[in-house]
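Visitor: Supplied in C-alpha cells, the structure appears directly below.
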Amino acid sequence: MPGAFHSLLLPLQRKRKPKRRRSRSHSKEGTNRNKPKSHLAGAGAAGDPSFNLKASASAFPRDIGCLVQPLGNLLLSASPGANLRDAGLGALRPLPDDLLLDVLGLLPARALAALSAASKALYVVAAHDPLWRALVLGELGGAFDFAGSWRATYVAAASGGRPHLIPPRALRIRGFYSDYLFQSWLCANMEMRHEWLARDNIERRRGVSVEQFIAEVEEPNRPVLLEGCLDSWPALQKWSREYLLEISAGKEFAVGPVSMTLDRYFRYADNVQEERPLYLFDAKFAEKVPEMGRDYEVPVYFREDLFSVLGEERPDYRWVIIGPAGSGSSFHVDPNSTSAWNAIIKGAKKWVMFPPEVVPPGVHPSADGAEVTSPVSIMEWFMNFYGACKTWEKRPIECICRAGEVVFVPNGWWHLVINLEESIAITQNYVSRRNLLDVLDFLKRPNASELVSGTKDRVNLHDKFHGAIEAAHPGMINQLQLEAQQKAAARKKKASFWDTAVDAKSGGFKFSF
C-alpha cells in the first residue's frame, strides 16, 4: 500500500461531511466515433445506454474508474458470482454503497488511509474521490493547490507539497462491481450526448422594445433568450483570464462552501474532472472588485428593480458565475419568488426549464417547499431522467445560451444549467411590478424563516419591504391587487368548454346544429 497514506499530518480538525441527498426513484457534445464508450446497466431512461467518454477519461492512473466496473458486467465475468466487494468488506458488506460512503465520510484522513490498507475492496471504496474532497475543503478551505485528484491534493498538502510523497498509480484491482461508484466516475468522465443538446425551443428575440418585453414575455411569465442587448458591455471584450487575475489580485471569491483566490480557482478548473465541479458563485464581486461592477450594466428590460427600495438591507441579488465544463446548477427555483436574467460573457450554457406547475422528473420538493431532493449531479439527471420528458405533454423549454446572449428566467420556473465549456456570466434577480405581489406573498409564508434567502433578517423582510414600497411608491400595492382581482374575474367570466356544453338550468347537454 502506498506509504504516503501513512504520513497524513494535517493539524486541522476535520468537519463532518454533509450528507448527499440522492433521489431514490435526482464539455461539449461528444461526436467522435473513436472515443471510448461505456455501458451502464439501468440507463435505459436516456435511451441507448452507451456513452462517449472524454479523451482525458483514462489519463489519470489514480482514477477510481480503473478499479470499478458496473454491476451488470458481473454477469459477463468469468466468475459471475464473485464480486470483490462482497469478499473484502467484512461486516460492512450489508451496507449499500451510498450508506457505506456516508459512514466512511465520518472518518478523519488517517483512519480512512488505514482502512484502505485492510483489503482490496476497502482500498477501492476509500479511494472514492468525493471522500477526499470533503477532507480537503473541510480542513484547508480554499487554500489548496489541486493535484489532479482530491486524494492526491490532500496527501500533497499533508506532506508539505513534496511531490515524491504523492501516491503512485492505483493498485491493479479487478473484480469490484458497483453501479453507485461507477456512475459517479462515469458522470465525471462522459461527454454530453447529442440528443441532450439538440433541442432548442426557446423563443429568441432581438431588438424588442421594453413595452413589448413586458406585454409579450414578462406578463405571460415565459422564458426568452435575448440577443444583442449586451453589445455595449465592456466585459465582453475585457474579461480575459489575464484581466480578471490582474484586477482581482489577492481577493477571495465564494466557491461552493469555501473562498478562493481567482488564480487558485483557475488552476483547479484547468485540472479537475469530477462529477460536481466546484462553482464560483459570488454575490459581492462588485464590492470586492469595483472594476467588475463597472464593466457591465443592467439590460434595459430589467431596470425596474423594486427590491432596491431596501438599500443595503436588500437580499443578495447579483452574482458573478465562473466554472469549467460540467459545472452548473441542478434544478431549483430562484429565491424569494424573484425573476432573473443570466448574461453570458464567455462560454456556453445548456438550459432546461419547466413551468411552475410542472415538477421536473427525478426532483422531489417537500410539501412546504423548504427542501428539494434531486439527483446527486446534473449529469446523473441527464442520464436517468432527461429521456422521460419526451412523452410529457408539457415538455421543457431548452436552449444553449452563448456569449453575448441573455436568458430571462420568469419567477417560479424550475431550471437546470450546465456549462458546456469554461464559462463566465453575470446574473441578477429582481422584482418588478409584474411579480411584486408574488414576492410579497412568498415573504409572508408561515415558514418564511426557512424559505427566504440572501438576507440575515428573514422573518421581518416582508414587513420591511412592504413598508418601503408604500413609502417609495404610495398606492402601488393596492393598485396591483385591484388589477389582479379584475383579471381573475375576467378569467372566470370566460366560458369554459364545460360551461358551453352543459345547460345549467336542466343539468343536461345542449346541442345546436
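Visitor: Please give the peptides 344-356, 290-302 ranked by average Cβ packing (other Cβ atoms within 10 Å per residue), highest first, as a rough proxy for protection.
Guide: Highest-to-lowest ranking by the protection proxy: 344-356, 290-302.
Visitor: When only the heavy atoms of the protein chains count and the probe is 1.4 Å, how do GLU275, GLU357, GLU312 rank by accessible area, highest first?
Guide: These residues rank, largest area first, as GLU312, GLU357, GLU275.
Visitor: For region 194-472, build the charge dipole from Cβ charges (+1 Lys, Arg; -1 Asp, Glu) around the Cα centre, then report which of ILE202, PHE408, ASN435 sits farthest towards its positive end.
Guide: The Cα lying farthest towards the positive end belongs to ILE202.
Visitor: What span do the alpha-carbon atoms of region 174-250 cover on each of the three principal axes, reported in whole Å from largest to smallest?
Guide: Sorted from largest, the Cα extents of region 174-250 read 64, 41, 20 Å.
Visitor: Over region 194-472, consider all pairs of different Cα atoms and compute the Kirkwood hydrodynamic radius from their mean reciprocal separation; express it in Å, one decimal.
Guide: 19.6
Visitor: Where nothing but the Cβ of Lys and Arg (+1) and of Asp and Glu (-1) is charged, how large is the charge dipole of region 153-263 around its Cα centre, in debye to the nearest 20?
Guide: 860
Visitor: Hey, what does the equivalent ellipsoid look like for region 249-306, semi-axes from the Cα gyration tensor as sqrt of 5 times each eigenvalue, largest first, whole Å?
Guide: Semi-axes (√(5λ), whole Å): 27, 15, 10.
Visitor: Cα-based Rg (one decimal) and Dmax (whole number) for region 356-461, in Å?
Guide: Gyration radius and largest Cα-Cα distance of region 356-461: 16.2, 44 Å.
Visitor: Here's a follow-up. Count the net charge of all other residues whose Cβ sits under 15 Å from the Cβ of THR391, scoring Lys and Arg as +1 and Asp and Glu as -1.
Guide: For residues surrounding THR391, the net value is +2.
Visitor: Moving on to the next point. Taking only the alpha-carbon positions of region 262-417 and ignoring solvent, what does the Debye formula give for the base-10 log of I(q)/I(0) at q = 0.16 Å⁻¹?
Guide: The Cα Debye sum returns log10 ratios of -1.09.
Visitor: Let me ask you something else. Cα atoms only: what Rg and Dmax, in Å, come out for region 372-427?
Guide: 13.1, 34
Visitor: Please give the per residue volume of the convex hull enclosing the alpha carbon atoms of region 226-342, rounded to a whole number of Å³.
Guide: Given the Cα convex hull of region 226-342, per-residue volume reads 138 Å³.
The values are calculated or read from the model by the stated rules, or taken from the named source; none is laboratory data. Model, not experiment: these values are computed from the prediction. Here Cβ is always computed from backbone atoms with ideal geometry, including for glycine, and neighbour counts include all displayed protein chains. Just so you know, the surface numbers come from the protein's heavy atoms only, side chains and all, with ligands and any DNA or RNA stripped out. Shrake-Rupley method; radii C 1.70, N 1.55, O 1.52, S 1.80 Å.
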